[in-house]
1. Could you tell me which of the residues A190, A164 is out of contact with any helix residue (DSSP H, G or I) (no Cβ under 6 Å at 6 or more places or on another chain) and either assigned to a helix (DSSP H, G or I) or farther than 20 Å from D232 by Cα (or both)?
2. Test each condition in (1) outside any helix (DSSP H, G or I); (2) farther than 28 Å from G113 by Cβ; (3) of a type in the set (A, V, I, L, M) for I149 and report the one that comes out false.
3. Could you list, ordered by first residue, the pairs with Cβ atoms under 9 Å in which the first is in segment 130-144 and in contact (Cβ under 8 Å) with a residue 60 or more places away in the chain and the second is among the hydroxyl-bearing types (S, T, Y) and open to solvent by less than 50 Å² (accessible area, probe 1.4 Å), at least 6 apart or interchain?
4. In segment 122-149, which residue that is among the basic types (K, R) and open to solvent by 60 Å² or more (accessible area, probe 1.4 Å) is farthest from A218 (Cα to Cα)?
5. On the basis of being in a helix (DSSP H, G or I), open to solvent by less than 50 Å² (accessible area, probe 1.4 Å), in contact (Cβ under 8 Å) with a residue 12 or more places away in the chain and not aliphatic (A, V, I, L, M), does R215 make the cut?
6. Has segment 179-186 got any residue that is surrounded by fewer than 14 Cβ atoms within 10 Å (Cβ to Cβ) and on the phi > 0 side of the Ramachandran plot?
Amino acid sequence: MRVYDRERQEWAGGRRERLYHPDQYLDLPRQRRVLERTGVVLAVVGVCFGVWAFAWKDEPEPPPPATTSQGESAPAETGSDPGGTFPQESPTVTDSGSVALPDGYEEVPDDEGFRVAVPTGWSRESSASRFGIDIVNYRSSDGSRRLQIFQVMEDSPYGSLEVAQVESAKLDGYELIGLTQISSSPYAAAEHEYRASEIAGESDTGSVRHVIDHRFEASDGNRYALVAYGPDNADETERELVDTAVTWFCPPDTTCEPPTG
């Protein structure tokens, strides 16, 4: 029988036919073995494909990104920086839109008529002032930290701090950190931040103290000071004291809504 050789484009004889169709010239037992081996190979290939397909189907999908209560993607958590300080946290806002007090703080209606927020359990003391309300101090139980509230007589918060800074510069170990106006405040506001080893009205412990003096115009048109005192270390306690007190402050004889975020 002749076979057409497609590569050479010609007809070939019987010998070439055997090369193209060798299975037709095998005896019956050899053909059966060829078929059995072919079946085994196909079975093995089928099993391998089935195992792979099953494993791929059951592979777990990656979890969806976390979302906030408003449906926005939640930001990734960040750790503290190598220096040991921590980023200041934004105030927690409740479902009603009001700002929640930080953990460990309480709202205080003071005897001088104003509202403020201070750490829970701090003691209160006051002394007469030459202008406006009495000078009020809230102190920690160990006496290491203090929040002072009084009324300012100068016409502007920054002008008042300029006068105060001249006197503060006379303190032992005085070191200016900053004297700035706060443009982000809804009312006029300014801050004087410094370190000193001597603080007026405090016993001399010989250690350096950290002070943030925040003065601002309140909703009643008067100007007040909120001053935080504490040890000079790497934490943000004085900043939290001032920011929380400013957020929750309501002047005397004034009705204020809860602060909102």
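1. Just a single option satisfies the conditions, and that option is A164.
2. Every condition holds for I149 apart from (2).
3. Sorted first by the residue in segment 130-144, then by its partner, the pairs are G132/Y224; I133/Y224; S144/Y229.
4. Checked segment 122-149; the qualifying residue farthest from A218 (Cα to Cα) is R124.
5. Working: in a helix (DSSP H, G or I): no; open to solvent by less than 50 Å² (accessible area, probe 1.4 Å): yes; in contact (Cβ under 8 Å) with a residue 12 or more places away in the chain: yes; not aliphatic (A, V, I, L, M): yes.
No.
6. no
Yes/no matrix, rows are residues, columns are (1) over 26 Å from the mean Cα position of the chain (by Cα); (2) in a loop (DSSP other than H, G, I, E, B):
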site	(1), (2)
G178	no, no
S185	no, yes
S207	yes, yes
D220	yes, yes
L226	no, no
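The values are calculated or read from the model by the stated rules, or taken from the named source; none is laboratory data. The shown structure was predicted, so the numbers you read here are calculated from the model rather than taken from an experiment. So basically every Cβ, Gly included, is an ideal-geometry build from the backbone, and we count neighbours across all protein chains shown. Heavy atoms of the whole protein, side chains included, go into the accessibility calculation; ligands, DNA and RNA do not. Shrake-Rupley method; radii C 1.70, N 1.55, O 1.52, S 1.80 Å.
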